[in-house]
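Asker: Dropping the structure in here first, questions after.
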Amino acid sequence: MLGALPSTSLTLIPPALRALHAAHPTLSVRVVEAHNDELISMVRTNQIEFALATVLEPAADLAFHPLLADSWFAVFPRGHELADRQELHWRDLVPYDLILLSQGSSARAQFELAVQAEGASPAASSRYDVTHMTTAAGLVRQGLGITLLPRLALPELNLKGLLSKPLDDATARRTIGLLHRQDRSLSPAAQAFAAQLGKAAVQIERKLPPMRAPARGAGKPRKSVAPRTSALRTG
């Protein structure tokens, strides 16, 4: 059983499953979609074998194998004043009504850490909490605010009538990868799926909107943000 962030379920999982089915047509796979905090908990408690997730803080009990770089984009209606900004930072979003993904998501965690580091209150700018990215985009389209969505998901979302702009802060980055318990080797089926996910990541990376290099002094990442990596353990 595999756990996956919603953004990876939209993009990485479908082509990887197609390739896995072609190579191993009798193999059955169950995918559980959840926010990042829940995925980490499920890996630790052996509810899932591994997860497509991110690691925002070091974890000695978990092994992490990076697949691709991701970043956060502000999404807003056409004609919004944010469209004219040459650079965009976390702090620039605070004055607006924000439609945020719910607690437990990496989007929410990174936003709150960044805003708190600048002395602002994350709760003051949060207007709507939603579970799904499609809901967030729909509320933005209705003029109810702006939202933060991952670069990885943008090509698969309906953003008609909306604009997206990358955040320039270094803290607006994350790494998507395979996460499993350090004391557990992957089964042959999981190894086969992991191999296809790696291939899919290479292809998808080429189709994603570009990430701008962080502006000088723009939110240097905390040392704890870097995930702990190790070689993929096989049985």
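Asker: Rounded to the nearest 20 debye, what is the charge dipole size of the range 71-171 about its Cα centre when +1 sits on each Lys and Arg Cβ and -1 on each Asp and Glu Cβ?
Answerer: The calculated dipole for the range 71-171 is roughly 340 debye.
Asker: Please count, across the chain, the pairs of lysine residues with Cα atoms under 21 Å apart that sit 8 or more places apart or on different chains.
Answerer: Total qualifying Lys-Lys pairs in the chain comes to 4.
Asker: Can you put Leu197, Leu98 in order of Cβ neighbours within 10 angstrom, beginning with the fewest?
Answerer: Ascending number of Cβ neighbours within 10 Å: Leu98, Leu197.
Asker: How much length would be gained if the chain were fully extended between Val32 and Asp84, taking 0.36 nm per residue of separation minus their Cα-Cα distance, in nm to one decimal?
Answerer: Numbers: separation 52, 0.36 × 52 = 18.72 nm, distance 3.94 nm.
Taking Val32 through Asp84 to full extension adds about 14.8 nm, to one decimal.
Asker: Take each of the peptides 30-39, 80-89, 1-10, average the number of other beta-carbon atoms within 10 Å over its residues, and list them starting from the highest.
Answerer: 1-10, 30-39, 80-89
Asker: Of the beta bridges DSSP finds with both residues in the chain, what % are antiparallel, to the nearest 5?
Answerer: Restricted to the chain, the bridges split so that about 60 percent are antiparallel.
Asker: Take the alpha-carbon centre of the range 138-212, take the same for the range 35-79, and report the distance between them in whole Å.
Answerer: Using only Cα atoms to place each centre, the spacing works out to 10 Å.
Asker: Would you mind calculating the gained length between Arg18 and Asp97 on full extension (0.36 nm times residue separation, minus the Cα-Cα distance), in nm to one decimal?
Answerer: Length gained, Arg18 through Asp97: 24.5 nm.
Asker: May I pose another question? Compute from the Cα atoms of the range 71-171 the Rg and the Dmax, the latter being the longest Cα-Cα distance, and quote both in angstrom.
Answerer: Spelled out, the Cα radius of gyration and Dmax of the range 71-171 are 12.2, 35 Å.
Values in this text are rule-based calculations from the coordinates and carry no lab data. This structure is a prediction, so every number in the text was calculated from the model and none was measured. Ideal geometry is used to build each Cβ from the backbone, glycine not excepted, and the neighbour counts take in all protein chains shown.
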